[in-house]
Amino acid sequence: MREVLVVANRTLGGAKLLEAVRQRAAAGDVRFRLVVPQTKPSSGFVIYDEAVRESAQVRVDLALSAVAQEGIEGTGEVGDPDPFMATMDAVAIHRPDEIILSTYPVQHSGWLRRDLIERIRNATALPVEHIVADVDQEGLSFAVTLVVSHKTSSGEELLSHLRQKAAQGEPRLFIAVVPQLDGSGGAPREARERLAAMLAKLQGAGLVSSGMIGDPDPYTATMNALELFHVDDVVISTLPGERSGWMRSQLIERVRGATSVPVEHVVVDPQASTVPASAA
C-alpha cells in the first residue's frame with residue numbers, strides 16, 4: 001500500500017488539494033497521513049501557543065472528517081511549528097512514498113520564502129507535489145461556520161439553527177469555540193467539558209465539527225478564531241437579553257463591527273427547558 005503524506009495548514013480545504021487526494025484515492029491501495037504544522041497568525045490579536053496548537057488540531061479533525069464522508073480514510077497529527085521539521089519528523093516515522101505539500105502563492109507564503117519545497121525534495125529524495133492554493137481568493141471546497149457559545153452550547157435552539165444551516169445544500173463544517181468562564185484555574189477544564197458535550201451533540205446530529213476553548217473574553221475569543229480560521233459566517237449563542245453578560249457587553253454589535261462576515265445571533269433560554277442555568 002502506498003503511503004501519501006499531506007502537509008498543509010491554512011490551505012487545507014482548497015479545491016486543488018482535495019482533487020489531488022481524490023485522484024490518488026480513486027487509484028486505490030493508498031493510505032493518507034495528514035500533518036498540519038502549527039502556524040502563528042501574522043497579525044491581529046495576541047494568540048497564545050496553546051490556541052495555535054489547538055487550531056491546528058481542529059484543522060486535522062475537520063479535514064479527516066470531511067474526506068471520510070467521501071470514503072477516503074486517513075490519519076493525522078499536529079506537527080512542529082517549522083514546516084520543514086514537521087515534514088521530516090513525519091517522513092522519519094511514517095516512511096511515505098510521496099509527499100503532497102500545499103501552500104499559498106509565493107507572495108503570501110512564508111513557507112515558500114524559506115525554500116521549503118526544494119529543501120524537502122533534497123532531504124528526502126521523495127516525489128513532492130507542490131499545490132498552490134489562494135483560499136482567500138478562491139474560497140474553500142466547503143462553507144465554514146464559526147460557532148461561539150458557553151452556557152448555551154448544548155441548547156436545542158442552537159442545535160436546530162445549525163442543522164438548518166447544514167441542510168442548505170453546500171457542504172458545511174462547524175468550528176466551535178467555547179470561551180472560558182473566567183481566568184480561574186478550573187475554567188479551562190469546565191470549558192473543555194462544555195465543548196465536548198457540544199461536539200457530541202453536533203456530531204450526533206451528523207454535523208462535521210470540531211472545536212477549541214477560547215479566551216475568557218468572548219470578543220477576544222471570537223476575534224482570535226477569525227484570525228486563525230477562514231470562515232464564511234459566525235453564529236453567536238447567548239442567554240436572553242439582560243440575563244446575558246455577553247449581551248450586556250454588546251458582543252454581537254462589536255463582532256459585527258469588526259468583521260465583514262455575517263454574524264448571526266441565536267438566543268437559548270435554558271429556563272424554558274427542564275435544565276436550569278445561571279446567567280452568563
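Read-outs throughout are calculated quantities, based only on the coordinates presented, and are distinct from any laboratory measurement. Predicted model only: the values in this text are computed from it and were never measured. Here the Cβ positions follow ideal geometry from the backbone for every residue, glycine too, while neighbour counts run over all protein chains shown.
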Checklist entry - Given a cut-off of under 8 Å on Cα pairs at least six residues apart, what relative contact order in percent is computed for region 143-272? => result 33 percent
Item to check | Principal-axis tilt of helix 187-204 within the chain, Cα atoms, nearest 10 degrees | outcome: 80 degrees
Item to check | Check: region 143-272 dipole with +1 on Lys, Arg Cβ and -1 on Asp, Glu Cβ, in debye | outcome: 200 debye
Item to check | Once the Cα gyration tensor of region 2-138 is diagonalised, semi-axes √(5λ) in Å | outcome: 22, 17, 15
Checklist outcome for this item: From DSSP H assignment alone, runs of 4+ in the chain each adding -39500 (n - 2.57), the sum over residues rounded to the nearest 500 puts [θ] at 222 nm at -12000 deg cm²/dmol
Checklist outcome for this item: The simple spin-label model distance between His230 and Glu70, using points 7 Å out along Cα→Cβ, in nm, is 1.5 nm
Next on the checklist: What distance in nm separates the two pseudo spin-label positions at Arg248 and Asp136, each 7 Å out from Cα along the beta-carbon direction?
Outcome noted: 3.9 nm
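Given 37 °C and 0.692 mPa s, compute D for region 140-246 with the Stokes-Einstein relation, Rh being the Kirkwood radius over Cα pairs; round to the nearest whole µm²/s.
Details: Rh = 13.9 Å.
Answer from the Stokes-Einstein relation: 236 µm²/s.
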Checklist entry - How many angstrom separate the Cα center of region 9-34 from the Cα center of region 205-220? => result 26 Å
Checklist outcome for this item: If R0 = 25 Å, then Gln203 and Gln168, at their Cβ-Cβ distance, give a FRET efficiency to the nearest 0.05 of 0.85
Checklist entry - Using alpha-carbon pairs under 8 Å, 6+ residues apart, how would you state the relative contact order of the chain in percent? => result 19 percent
Item to check | Relative contact order of region 1-160, defined on C-alpha pairs under 8 angstrom at six or more residues apart (%) | outcome: 31 percent
Checklist outcome for this item: Of the candidates Ala221, Leu239, Gly74, the farthest towards the positive dipole end of the chain (Lys/Arg Cβ +1, Asp/Glu Cβ -1, centred on the Cα centre) is Gly74
Next on the checklist: List the residues, sorted by chain then number, that are 5 or more residues from Gly74 or on another chain and whose placed amide H is less than 5 Å from its amide H.
Outcome noted: none
Item to check | Dimensions in Å of the chain - Rg and Dmax from alpha carbons | outcome: 19.6, 63
Checklist entry - Hey, rough spin-label estimate for Arg2 and Glu190, points 7 angstrom out along Cα→Cβ, what's it come to in nanometres? => result 5.2 nm
Checklist entry - Which of these, Glu253, Glu73, Glu54, has the largest mean-square fluctuation under a Gaussian network model of the chain (Cα springs below 10 Å)? => result Glu253
Checklist entry - So, with +1 on the Cβ of K and R and -1 on the Cβ of D and E, and no other charges, what is the size of the charge dipole of the chain about its Cα centre, to the nearest 20 debye? => result 120 debye
Checklist entry - Can you give the FRET efficiency for Glu98 and Asp49, using 1/(1 + (r/R0)^6), R0 = 25 Å, r = Cβ-Cβ distance, to the nearest 0.05? => result 0.20
Item to check | Candidate lysines for bridging to Lys165, where Cα separation is under 23 Å - those fewer than 8 sequence places away on the same chain excluded | outcome: Lys151, Lys201
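With +1 on each Lys and Arg Cβ and -1 on each Asp and Glu Cβ, how big is the dipole of region 2-138 about its Cα centre, in debye rounded to the nearest 20?
So the dipole magnitude of region 2-138 works out to roughly 200 debye.
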